[in-house]
Amino acid sequence: MPQVHYDSYTEARNKLKDLLDAAENGQVATVRRDAATVVVLDAERLRFFLASVAPSNAQVVQEAGGWSVFIPGLPVAADGGTFEEAITEMAAALREYAEDWQDHLLHAPNHRDNWGLVQMISLSSDEQLRKWLTGSPG
């Protein structure tokens with residue numbers, strides 16, 4: 001599978017279809033701009049990879065007639081009357097965290113390494129997030 005690389009934004013723009021086709025096919029597709037090289041990826045492939053290499057490690061606790069969910073090391077937690085409600089609330093809380101990260105946490109020392117998690121959250125459907133939280137395949 002050949003790599004697709006363009007040494008400038010202009011070259012990539014002129015060959016945008018080829019660049020996007022390569023990314024969709026799973027080929028390495030890169031563009032150089034000034035001193036940086038960026039990668040163009042198929043979103044579902046990236047989401048699947050990130051979800052598979054970083055399990056949620058969500059902790060679910062039944063207490064006081066309800067359920068609580070948290071992920072150790074993340075400032076995110078949720079509660080619900082049922083297990084399903086708690087997982088759904090946690091998915092919503094993760095979406096809020098991803099928005100906050102994009103808005104102002106991305107440079108904070110205790111949050112900046114969560115970029116992969118934020119990408120995975122942002123690229124996932126609600127159902128995919130719920131499956132990730134519960135360790136279900138998919």
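Some points to look at:
- Scanning the range 109-124 for residues that are in a loop (DSSP other than H, G, I, E, B) and either basic (Lys, Arg) or surrounded by 11 or more Cβ atoms within 10 Å (Cβ to Cβ) (or both) returns 111, 124.
- Pair list, Cβ under 7 Å, 6 or more apart: the range 98-126 residue closer than 13 Å to residue 76 by Cα, other residue part of a loop (DSSP other than H, G, I, E, B): 101/111; 117/54
- For the condition of a type in the set (A, V, I, L, M, F, W, C), closer than 30 Å to residue 78 by Cβ, in the same structural domain as residue 94 (by TED's automatic domain parsing) and surrounded by fewer than 15 Cβ atoms within 10 Å (Cβ to Cβ), residue 51 does not qualify.
- Here the range 76-108 is the region considered, the condition is being in a loop (DSSP other than H, G, I, E, B) and not hydrophobic (A, V, I, L, M, F, W, C), and the residue that is farthest from residue 135 (Cα to Cα) is 107.
- Checked against the criteria, residue 133 does not count as in contact with a strand residue (DSSP E or B) (Cβ under 9 Å, 6 or more places away or on another chain) and part of a loop (DSSP other than H, G, I, E, B).
The values are calculated or read from the model by the stated rules, or taken from the named source; none is laboratory data. Just so it is clear, the model here is predicted, and its values are computed rather than measured. Quick reminder, even Gly has a Cβ in these numbers, built from the backbone with ideal geometry, and neighbours come from all protein chains shown.
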